[in-house]
Amino acid sequence: MKKKDQWYLGQQIEVRKYERDKKDWWFPIIVGLTILFGLGAILFSCRSDEVYAAEVWKITSYCACQKCCGPNAQGITASGKKVSEGMVACNWLPFGTKVNIEGLGVFSVQDRGAKSLFGSKTNHIKHLDVFLPTHKQALKFGVKYLEVKII
Ligand SMILES: [Zn+2]
């Protein structure tokens, strides 16, 4: 074999080795990521089935007045925003959580209010306070029991 051919063969082997190494390096990562995403999707769907199933909650309403929010009412929610329609008060859901109240639409948790969990330790009745612009509307709203879904 000529020296030039030997060099050429050597280069080819080097290239193949390099390509094989490259493939070996990527392959487990791709397989790993695929499994990870698959498991994540399965876990997420199980979780959403359990936690986000609709159930009946107690729904009341409040406005920004002193009767509803006490003598220090400022029209500012517990999350620091100006009260506006589309907001609800709940003591145990994080700010920004979106809830879909049957027949009323989607609301965002922006305030803290009265006790939000009633009933016994094993049978919770969850409570949401819906913000309405006037006290009259809040009174008229009264107490409702509606299906709520956390979205
Ligand atoms: Zn009021």
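Read-outs throughout are calculated quantities, based only on the coordinates presented, and are distinct from any laboratory measurement. Remember, it's a predicted structure, so these values are computed and weren't measured experimentally. Every residue, glycine as well, gets a Cβ built from its backbone with ideal geometry; the counts of neighbours run over all protein chains shown.
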Handout entry: For peptides 61-68, 8-15, sequence by mean Cβ density within 10 Å, most packed first
Key = 61-68, 8-15
Problem - At R0 = 41 Å, FRET efficiency that the Cβ-Cβ distance of residue 84 and residue 55 yields, to 0.05 - result: 0.95
Completion exercise
Most exposed to least, judged by fewest other Cβ atoms within 10 Å, 130, 56 sort to 56, 130
Problem - Net dipole in debye of region 53-150 [+1 Lys, Arg Cβ; -1 Asp, Glu Cβ; about Cα centre; nearest 20] - result: 180
Fill in the blank from the handout: From the Cα centre of region 67-109 to that of region 122-151, the distance in Å is 11
